[in-house]
Every structure is written in structure tokens, then in C-alpha cells.
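To keep things clear, I will list the structure first and then write my remarks on it.
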Amino acid sequence: MTSSEIRRTFLEFFRSKDHEVIQSSPLMPGNDPTLLFTNAGMVQFKTVFLGEEKRHFRRAASSQKCLRAGGKQSDLENVGHTSRHHTFFEMLGNFSFGDYFKKEAIQFAWELLTEHFKLPKEKLWITIYEDDDESAELWKNITDVSVERIVRLGAKDNFWQMGDTGPCGPCSEIIIDQGRDIGCGRPGCAVGCDCDRYLELWNLVFMQYSRDKSGKLHPLPQPSIDTGMGLERIAAVLQGKSNNFDIDLFQPIISSICAHSRKSYGADRETDTAIRVVADHIRAVTFLLAEGLVPLNEGRGYVLRRIIRRASRYTKMLGIDKPMLYRLCDSVAETMSDVYPEITEEMPRIREMLRVEEERFNKTLEQGLLLLNGIIKDAKNSGKNIIDGSDLFRLYDTYGFPLDIARDVAEENSLKIDEPGFHREMEIQKTKARASWTGEEAAVATVYRDLSDKYKETEFLGYETLESDATVLAIIINGKIVDRIAAGSEGEILLDKTPFYAESGGQAGDTGELRADNMTAIVSDTNKPFRGLFIHRVKVKKGAIEKGSGIHCSVDQGKRAATMRNHTATHLLHSALGNLLGGHIRQSGSYVSPERLRFDFTHFHSLDQETLDAIEDDVNSNILKNAKVDTSVLAREEAIESGAVALFGEKYGDKVRVITIPGISSELCGGTHVNATGDIGLFKILSEGSVASGIRRIEAVTGDKAFSYLRNTEKELKKISEILKVSYNPAERLIKTLSEMKELEKAVEKLKGKSAADNSTKIMENVRDINGVKVIAHRIDGMEQKDLRVMADNIRDRLRSGIILLASVKGGQASMVTMVTKDLESRFNAGQILKNIAAAAGGRGGGKADLAQGGAKDIKKLDKALESLYDIIKAIESRQAETCS
């Protein structure tokens with residue numbers, strides 16, 4: 001069976017068992033801040049398992065895109081060296097949310113494997129948790145697996161838990177014996193051995209307990225099922241392959257790698273490892289880039305950058321020095337685009353982003369080699385025969401410089417590398433990375449979780465009205481639930497319904513006012529800290545807000561209108577960018593508030609003014625059309641099929657709001673918008689710049705803010721015109737004035753040069769001869785430091801051999817320059833001379849042997865300090881004479 005047939009058979013089998021077949025969620029989970037990437041099929045159902053969300057189905061099946069390359073579950077370093085580790089893979093899974101339990105899960109799994117996939121029963125083994133007698137009986141009674149092939153294992157292998165507390169339960173694994181030829185060959189090899197003989201195919205998790213903080217297990221009221229089977233593993237078994245990389249999903253990719261590198265797969269171990277690493281990594285990279293992720297130096301983007309650079313390093317092992325990864329993306333699409341069409345849709349952007357990143361890495365390698373050579377030089381100079389692990393890790397972490405290349409370069413220089421030290425630093429870095437992505441549901445306060453359990457979701461009325469009556473359900477002050485907020489105090493309140501939009505989807509929360517009998521409060525912000533809860537930040541101006549009281553809500557209409565203008569403008573901007581820059585444009589983030597809008601998008605180059613003008617014109621043209629802005633609520637699949645743009649990483653419900661501007665834009669969006677584009681008034685770009693590699697940002701204003709910006713700009717132009725004394729076209733006059741200034745500056749510099757030459761002639765008259773050394777110390781006030789140096793250069797050229805000290809006082813500060821001609825550098829040091837002279841006048845100075853600069857504050861002592869030069873030279877001459885004698 002092909003991998004596509006296996007995937008389809010799995011999903012259709014469970015569809016026939018009344019399971020809802022669910023589309024894969026993104027690799028970047030939008031609803032779980034504890035995860036870098038989706039690493040299992042259950043991730044998109046986590047809130048359902050926890051009872052925080054209800055779906056219209058209780059049975060589900062999916063083929064989920066997964067990535068294990070960061071955080072606790074990272075297979076990155078093992079990829080290519082084993083037959084079964086991958087960064088990117090697909091997880092086939094079936095799930096029950098309080099519906100069926102162990103019996104049905106076991107029946108389904110056994111039926112699919114033995115009757116549909118036709119796996120030989122005599123090769124299948126079952127593992128169960130050592131104390132799970134129920135599962136043991138079910139396997140014996142409802143399947144025909146031999147009793148001797150049911151193995152009990154401990155909690156390490158067969159007990160699953162979501163975290164230190166919460167849902168958990170025993171699991172049962174279905175394992176296939178691949179034969180002695182595949183295994184380690186040890187006499188004691190059996191189920192549980194780390195070799196590949198006994199290969200885990202399918203893990204059935206029986207989620208039946210909840211563990212409390214003390215570690216005690218409590219039965220769940222509705223036990224659930226979570227299963228997972230790697231597509232690549234089952235494909236290898238069904239296709240008769242002992243290595244996942246030999247299945248049909250990888251063959252086009254490996255063939256492409258071989259064609260570009262002119263290497264043969266299967267020729268030798270090192271080459272095969274390199275080819276497998278590249279084949280695995282290009283799948284991960286292609287899917288991550290397709291979802292809009294870009295290479296960065298932190299978070300998810302850092303993991304992506306590491307995968308790209310690791311793959312690029314292995315292409316160099318295949319003898320390829322130029323960027324090649326971007327040429328392999330089509331081979332990924334060849335086997336995957338039928339199920340994941342976004343790969344093909346995003347292909348131009350994927351290729352370009354990958355090419356740019358590879359070129360950047362090549363430059364990084366060059367920089368790294370320069371730094372490594374410096375480290376090697378320092379090690380040799382200090383008598384070391386080993387390079388510190390901390391230095392190696394800094395090269396790796398900051399520049400992506402590979403450890404094995406560092407090892408090769410070190411060996412060429414007869415040095416060793418401190419690998420244990422490197423790995424210690426790596427572990428510290430991993431610990432920090434894990435710490436930044438752990439914790440339950442990020443920093444959601446317990447109080448909001450408690451409120452979510454107690455009350456239903458807040459009813460949002462703000463699409464239809466800006467005013468409504470509501471009831472106060474809860475009051476929070478400093479994280480604690482209280483009964484009232486008195487006048488002058490601040491706190492948070494939860495209402496049963498509200499017209500206030502809570503910050504989400506890049507739109508700022510509403511502000512406004514709450515009123516009741518003898519009570520007035522200001523709403524300074526509205527946010528959504530936990531699913532469905534609209535929390536209002538308030539300050540009571542008069543009276544008090546009490547739990548259970550009725551209040552009247554009024555949204556600040558002016559600010560809401562301004563936010564709506566900015567939000568709809570981002571949709572027009574998104575459309576304009578796609579029209580003018582190309583299909584690779586994807587939204588990477590946005591923020592709209594009453595003051596301005598910010599829009600981040602994927603693009604590789606800065607935009608010139610002509611392009612920015614064209615973007616502005618496109619947006620304003622659509623504003624002038626006064627096109628109607630339509631809002632509809634559709635099923636998610638129906639909305640996507642209609643052509644509406646959805647953002648990767650966003651979590652959408654079964655029903656979605658679609659904002660459509662006919663002929664211009666259609667996007668899934670939960671924000672608030674104007675009724676027609678003409679309501680925006682005017683759109684004006686304030687700035688455009690880079691925020692990350694391959695990500696640009698435009699900031700803009702609309703409506704009255706745009707008019708204010710233009711009015712202020714016009715006022716500034718009028719001021720400039722008045723200063724330049726022109727009635728129009730101040731730029732032309734300004735250019736002429738600047739040109740005239742440059743000419744005048746040239747004339748001044750010419751006069752300064754002549755003056756310096758004239759002064760140099762006069763100063764040359766003060767030359768003193770000290771034991772055959774010509775010495776000049778002179779003060780000429782009113783000169784800048786740079787002019788003083790020009791004069792010193794002039795004197796030195798005339799003097800040919802000697803020592804010069806010049807000083808100038810201007811604005812209460814003294815500048816000083818000392819020069820020593822080349823022939824005298826071995827005997828006199830300009831830096832040391834000036835240091836002593838400047839100190840004598842309360843200043844500081846220093847420099848090299850031939851040139852030193854400094855300054856002094858005590859002007860009264862300056863002349864005496866200058867005169868001391870002659871004594872200093874005499875003293876140096878005297879010491880040198882004594883040394884010689």
C-alpha cells in the first residue's frame with residue numbers, strides 16, 4: 001500500500017465507525033502556549049480532553065502533522081542516524097471524548113491492523129501497564145492474540161500523563177516483531193529492547209484518571225481515548241522496508257538529492273546519513289515555511305533556523321557548496337501536496353525564503369571560520385592544546401557554526417576540542433528554552449480558570465450595538481475574587497453580556513464607561529485572558545460596583561470607530577500588497593488600535609518610495625469606491641472553500657465570521673469593521689521596515705489621524721518655506737541652498753589650509769634642537785581638534801624629523817596633538833609624552849607611538865605644561881644615554 005492509501009484507509013475506517021474525520025491542525029499550535037510545535041494528534045483536542053471546550057462530536061480521527069525538534073521531545077540530533085527518527089512526521093490517531101473506552105479502542109485497532117492492513121497476527125505483540133488487569137482481560141477475550149504475547153511493563157513504558165497533574169492513564173502498545181535480522185542479536189532481546197526488532201506501531205492511551213498535586217489518582221467521570229500511530233512507521237512495515245527513509249514518501253526527495261549532489265544512495269554509510277538528514281529536514285522546513293514561520297534567533301523561528309542550517313551543513317558533506325535546499329521543495333510537494341495543498345500554494349515564498357537563509361548561512365560559516373581561527377591562535381599562544389567548550393558553543397549558538405567542522409579545523413591545527421564542555425552549554429541552553437515554553441497555559445491566572453468553570457462564555461453584543469445593560473457576575477482585585485469595588489479603586493469585572501470588544505486577533509480592546517444609579521466607572525481596557533471570558537479593567541469614579549448588580553455599558557464610540565477604520569484598512573492593505581508585490585505575501589501579524597495600524601508581512605526586500613506610493617494609491621482607490629463591507633457567518637470548511645483567507649496558527653471554531661469586500665478581499669476575521677470602505681476616509685503610510693529576516697512591517701494611520709498627519713506635514717513645509725523665503729517648491733530652494741553651503745565649506749577648508757600653512761611657517765621659527773632632535777611646542781587658540789591635527793601634519797611634513805606638540809583653547813577647553821616622526825618612534829612615544837603633559841594641565845591624553853590626542857581643563861597650567869615638553873625630551877635622552885653607557 002502507498003502512504004496515501006494507508007492514510008486514506010485509516011481515516012475511512014474510522015469514519016465507518018462514526019468518527020468525525022478532522023483536518024490536521026497547524027504545526028504551530030495557536031491554542032497551547034506550552035508547546036513550541038504540535039507533537040501529537042491529541043494537541044488540537046487538548047481543551048476537549050480537559051473539559052474546557054465542547055465539540056459537536058464525541059469521536060474523532062485525524063492524520064496530524066507533527067514536529068519534534070524543540071523542547072522536551074526533540075529528535076533532531078538522532079535524525080539520519082537511526083531508521084525511525086524524524087523531525088516532521090504524520091500521526092494517525094482516533095479519539096473518544098467520554099464516548100467509547102478500552103474495549104472499543106482495542107477492537108478497532110486489532111480489526112484495522114489484522115483485517116484491513118493484513119498484518120500477520122503471529123508477529124504482533126501487546127504491552128500493557130503492569131497493574132492494568134482490565135486491559136489484559138480485554139486483549140485475551142475480544143482478540144485472538146496469543147496470551148504469551150501480552151507483556152506487562154512499568155509506568156515508564158506504559159503509563160501516560162499530560163503533566164505532573166491532570167488527566168493520565170495506562171496505555172497499551174501494539175508492537176510488531178520484524179525478525180532477528182533487524183534486531184540487536186543479543187540472546188536476551190525481547191519486547192522492550194531498544195533495538196528495531198520489536199517495533200512500536202500503535203499506542204492506545206486509556207485516559208481514565210486525574211492526578212492531584214499530592215500524586216493521588218482519581219477516576220475521571222468520563223474516561224477518554226487518545227491513540228497515535230506514526231504513518232511513516234506503518235508504511236515501512238506494509239511496504240516491506242526496514243528503514244522509514246526507504247518508503248514512498250521519501251523516494252522522490254532522495255532521488256532529487258542524489259541528482260543535485262551526484263551521489264548514490266546506499267553507496268556508503270556517511271553519504272546515506274547525510275542524504276537522510278537532508279530528506280527529513282527539507283520536509284520539516286517546507287511545512288514550517290508554508291505555515292508562515294520565518295527563521296529567527298529565538299523561539300520557533302530559532303528551531304526552524306537550526307533545522308535549515310543542519311540540513312545545509314549536510315549538503316556540504318555531499319560536496320555541494322552553493323544553496324541547494326530550495327531546489328528540493330518541489331520533491332516534497334510531489335508526495336504531500338494532495339493532502340496539504342498549502343505547500344504548492346506557498347511554494348514561491350518557500351523557495352525564496354530558503355534560498356536567502358542558505359546564502360546567509362554560507363556567510364555565517366565564513367564569519368565563523370574567521371572567529372575560530374582567532375580562538376585557535378589564542379589557544380596556541382597561551383599554550384593550550386584544547387579549545388574551550390564555551391567558545392565552541394558560542395560559535396554554534398550565535399553563528400550556527402557546526403561542531404564537527406570546528407573539530408576538523410582544530411585537528412588540522414593539532415588541537416582537540418572540549419566536547420563535554422560544549423554539551424554542558426548546550427544542555428543549559430535547552431533548559432532555558434524549555435523553561436520559556438513550560439507552565440500550564442502560560443501565565444493564565446487560576447482565578448480566570450475558576451470563573452470559566454463557574455460561568456458560561458460572555459455573550460458579545462458589540463457587533464450589533466455599542467450600548468447594553470448587563471449583570472456583574474464577578475469582581476477581581478489583585479487576582480482575588482471580591483464582592484465590590486469602591487470609588488477610587490481599580491479592578492476587573494466579568495459581565496454576563498457586553499458590547500465591549502475584548503483584545504484578540506490583533507485588535508485592541510474597547511474602552512468606555514459603565515453607569516448605574518449613583519455609580520460611574522471608566523473601562524480602560526477589555527481582554528480575554530481565558531476562553532470566552534471578557535474581562536473589563538475598570539476604575540470606579542463614583543459609588544461602587546457590586547457583584548450581582550445591574551449596570552449600563554457604553555463603548556467609546558469615537559475610539560471604536562477609529563479602530564474599525566484601521567482594521568478594515570489592514571484588509572485593504574493585505575490585498576494591495578498581494579496585488580503589487582506578488583503571491584508570496586502572507587500576513588505575519590497585525591495590531592489595530594484607535595491611534596494607528598501595524599501590519600507585518602512576508603517579503604524579502606525593503607520597499608522603495610515608489611512602491612509605497614503605489615500601495616497607498618491602491619488602498620485609497622478602494623476607499624474611494626466606497627465598497628460595501630459584508631459580514632457573514634459560515635462553517636469553517638465552507639468559508640475556506642469560498643476563497644476566504646485564513647491565517648496559519650489562528651484557532652477557528654466550527655463557525656467563522658468572514659469579512660468580504662466584494663472583488664477586493666475576503667478574510668476570516670472576528671474583529672469589528674466599517675460598513676463601507678468609504679468610512680475609512682483616508683489611508684496614509686507612516687513607515688516601512690524590517691522586524692525579522694523575511695518579515696517587513698508597515699505602520700499607517702487612517703481617517704482623522706491621517707488628515708492630522710498630512711496637516712502637520714503641510715505646516716512643517718510652510719515653516720520651511722518661510723525660513724527659505726519662498727512661496728512654493730521649498731525643496732528646490734533647499735537643494736540650491738545646501739549646494740551653496742557645500743561650496744562655502746570647501747572655500748572655508750581651503751582658507752583653513754592656507755592659514756595652517758601660514759601658521760606652520762611661523763611655528764617653524766620656534767623649533768628647538770635638543771641633542772640633535774628638533775622639538776616644537778606651540779599654542780594657537782580658536783582651533784578645532786581636527787584642524788589642529790591638519791596643522792600638525794603640515795608641520796611634520798616640513799620638519800621631516802622631529803617631535804611636535806600643538807595646543808588650542810576654544811570654549812574653555814584645550815585640545816592637544818602630539819606627533820613623532822617615523823625615524824624617532826623607536827626612541828620617543830607620542831602617546832606617553834602627551835599623557836604626561838595633559839596630566840600636568842588637569843587633562844588626559846594618549847595614543848600610538850607616532851600620534852596622540854588629548855585635552856586639558858586647567859587652562860592656567862596649559863602654557864607651563866607645553867613648556868615641559870622640552871624637559872621631558874631632555875630627560876628621555878638622558879636616560880637613553882645612561883642605558884647605552
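The values are calculated or read from the model by the stated rules, or taken from the named source; none is laboratory data. These figures come from a predicted structure and were not determined experimentally. Backbone-built Cβ (ideal geometry, glycine too); neighbour counts: all protein chains shown. In case anyone asks, the SASA skips ligands and DNA or RNA and just uses the protein heavy atoms, side chains included. Shrake-Rupley method; radii C 1.70, N 1.55, O 1.52, S 1.80 Å.
Remarks
- From the C-alpha gyration tensor of the stretch 443-519, square roots of 5λ in Å: 20, 18, 13
- Total charge dipole magnitude, the stretch 513-663, about the Cα centre, Cβ charges on Lys, Arg, Asp, Glu only, Debye to nearest 20: 960
- Considering only Cα atoms, the convex hull volume of the stretch 193-272 works out to 184 Å³ per residue.
- Directionally averaged projected area (convex hull, Cα atoms, the stretch 704-802), nm²: 10.3
- The Kirkwood radius of the stretch 52-140, taken over pairs of alpha-carbon atoms, gives through the Stokes-Einstein law at 20 °C and 1.002 mPa s a diffusion coefficient of 132 µm² s⁻¹.
- Largest-first ellipsoid semi-axes for the stretch 649-721, taking √(5λ) over the Cα gyration tensor eigenvalues, angstrom: 33, 19, 9
- The stretch 228-361: relative contact order in percent, alpha carbon pairs under 8 Å with at least 6 residues between: 24
- The fraction of Cα-Cα pairs per 5 angstrom bin, counted from 0 for the stretch 572-679, comes to 2, 10, 20, 24, 22, 14, 6, 2, 0 percent, rounded to whole percents.
- Mean sequence separation of contacting Cα pairs (under 8 Å, at least six apart), scaled by the length of the stretch 748-885, corresponds to a relative contact order of 19 percent.
- Checking every one of the trypsin sites (Lys or Arg not before Pro) in the stretch 823-881 against DSSP loop status and a limit of 11 other Cβ atoms within 10 Å picks out Lys848.
- Gap separating the Cα centres of the stretch 213-260 and the stretch 1-30, nearest whole Å: 13
- Mean separation of Cα contacts under 8 Å (6+ apart) over length of the chain, as relative contact order %: 6
- Scaling the Cα radius of gyration of the stretch 820-866 by the globular reference 2.2 N^0.38 Å produces a ratio of 1.16.
- Protein accessible area in the stretch 579-653, 1.4 Å probe - carbon and sulfur %: 46
- Helix content alone sets the calculated 222 nm mean residue ellipticity of the chain: runs of n ≥ 4 DSSP H residues at -39500 (n - 2.57) each, divided across all residues, give -13000 deg cm²/dmol.
- Accessible area per residue in Å² at 1.4 Å probe, computed on the chain: 48
- Protein heavy-atom surface of the stretch 297-416, 1.4 angstrom probe: 47% of the accessible area is carbon and sulfur, with nucleic acids and ligands not counted.
- As a fraction of the 1.4 Å probe accessible area of the stretch 659-779, surface on carbon and sulfur atoms comes out at 54 percent.
- Helix axis angle, 830-840 relative to the chain longest principal axis, alpha carbon, degrees: 80
- Extent along the principal axes, Cα only, for the stretch 713-755: 45, 15, 13 Å, with the longest axis given first.
- Dimensionless Rg ratio for the stretch 102-208, taking C-alpha atoms and the 2.2 N^0.38 Å reference: 1.07
- Kirkwood hydrodynamic radius of the stretch 267-311, from the reciprocal of the average inverse Cα-Cα distance over all distinct pairs: 11.0 Å.
- Its residues counted as N, the chain yields a C-alpha radius of gyration over 2.2 N^0.38 Å of 1.27.
- Shape summary of the stretch 158-212, radius of gyration then Dmax from alpha carbon positions: 14.8, 46 Å.
- When all alpha carbon pairs of the stretch 292-360 are counted in 10 Å bins from zero, the resulting P(r) reads 20, 49, 30, 2 %.
- Computed from the Cα positions only, the extents of the stretch 739-870 along the three principal axes stand at 49, 32, 25 Å, in decreasing order.
- With Cα atoms defining each centre, the stretch 86-131 and the stretch 516-558 are spaced 52 Å apart in the structure.
- DSSP-defined antiparallel bridges as percent of all bridges, the chain, nearest 5: 85
- Working note: Debye formula, equal point scatterers on the alpha-carbon atoms of the stretch 235-378, no solvent; log10 I(q)/I(0) at q = 0.11 Å⁻¹ is -0.44.
- Expressed per residue, the C-alpha convex hull volume of the stretch 509-594 stands at 112 Å³.
- Over the stretch 772-844: Kirkwood hydrodynamic radius from C-alpha pairwise inverse distances, Å: 12.6
- For the pair the stretch 150-205 / the stretch 658-728, the C-alpha centres are spaced 60 Å from each other.
- Helix 730-763 and the longest principal axis of the Cα set of the chain meet at an angle near 40°.
- Tilt relative to the chain, helix 102-111 - C-alpha long axis, 0 to 90 degrees, to 10: 90
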